[in-house]
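The values are calculated or read from the model by the stated rules, or taken from the named source; none is laboratory data. No experiment lies behind these values; they were computed from the predicted model shown. Neighbour counts run over all protein chains shown; Cβ positions are idealised from the backbone, glycine included.
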Amino acid sequence: MSSYVIDPPKVVTVPVAGGGEFPVRRIFCVGRNYAEHTREMGGDPDREEPFFFTKPADALLTGGADMPYPPKTADLHHEMELVVAIGRGGTDITEAAALDHVYGYAAGLDMTRRDLQAVAKKAGRPWDMAKGFDLSAPIGEIVPAARIGHPAAGAITLSVNGKLRQSSDLDRQIWNVPETIAYLSGLVTLAPGDLIFTGTPEGVAAAVRGDLLEGAIAGVGSVRTRIV
Ligand code: MN
């Protein structure tokens, strides 16, 4: 018999294309990783080191399920992103070895309460409640790198109700996947089950109830959710 005094939390998983489930430990997110998005948020892409924030694992929303419009916001934004799934952990991983630590990739959405983020930025407060709220991370199936390789380029797009809202290419990332893994693993030890949302291109905007969000990354996969 277990000595847990309450039922233990469930392990959060993401379906893997072709079968199986990827168990999730932590979710890391890169801020401002495409120059045009950095500019639209008022930053200078030439002078900023990468920075990171996190979401809890149970913020994930899988299987194309509906996303309830979250509380305490009037400005819910979509951020379409490439997600890296870490299969092998490490500290101070080199850029040259970084891709050996990747299990696979997915398309994901870093949903953001932009109004709460603006208040936090202005007050110098944490972003947690702007970024890490319930079901703030819709994600598609994880596709093993063993099947698709390691995409360094390819179209990344998001349509809302069939109309193109975000459109860029993975090769426009300021910090590419090996550089991101190397940098992040110098800050914290990465472990199997970690996900890294690698930042969004320009075109972020508000989503409202009823909107159908459909994202795609060439060579990787897709993500979809309806805001309800
Ligand atoms: Mn983001």
Open item on the list: Filter segment 46-63 down to the residues that are in a loop (DSSP other than H, G, I, E, B) and polar (S, T, N, Q) and list them by number.
Closed with: Thr62
TODO: Keeping to segment 74-96, report how many residues are on the phi < 0 side of the Ramachandran plot, more than 16 Å from the ligand (Cβ to nearest atom) and in a loop (DSSP other than H, G, I, E, B).
DONE: 7
Open item on the list: For the list (1) in contact (Cβ under 8 Å) with a residue 24 or more places away in the chain; (2) within 16 Å of the ligand (Cβ to nearest atom), I need the number of the one condition that Gly43 fails.
Closed with: (1)
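With polar (S, T, N, Q), within 26 Å of Pro192 (Cβ to Cβ) and without any contact (Cβ under 8 Å) to a residue 60 or more places away in the chain as the only criterion, which of Thr13, Thr73, Thr54 stands out? Write out each step before concluding.
Numbers: Thr73 fails: within 26 Å of Pro192 (Cβ to Cβ); Thr54 fails: without any contact (Cβ under 8 Å) to a residue 60 or more places away in the chain.
Result: Thr13 is the single residue among Thr13, Thr73, Thr54 that is polar (S, T, N, Q), within 26 Å of Pro192 (Cβ to Cβ) and without any contact (Cβ under 8 Å) to a residue 60 or more places away in the chain.
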Task: Selected residue (only one of Gly43, Gly18 is over 20 Å from Val102 (Cα atoms), out of contact with any Phe, Trp or Tyr (no Cβ under 9 Å at 6 or more places or on another chain) and in a loop (DSSP other than H, G, I, E, B)) - done: Gly43
Task: Any hit, segment 209-228, residues being assigned to a loop (DSSP other than H, G, I, E, B) and within 21 Å of Asp58 (Cα to Cα) - done: yes
Task: segment 47-73, residues that are away from the ligand (no atom under 16 Å from the Cβ) and surrounded by fewer than 18 Cβ atoms within 10 Å (Cβ to Cβ) - done: Arg47, Glu49, Asp58, Gly63, Gly64, Ala65, Asp66, Pro68, Tyr69, Pro71, Lys72
Open item on the list: Tell me whether segment 35-46 contains one or more residues that are at pLDDT below 95, more than 21 Å from Glu214 (Cα to Cα), surrounded by 15 or more Cβ atoms within 10 Å (Cβ to Cβ) and β-branched (Val, Ile, Thr).
Closed with: yes
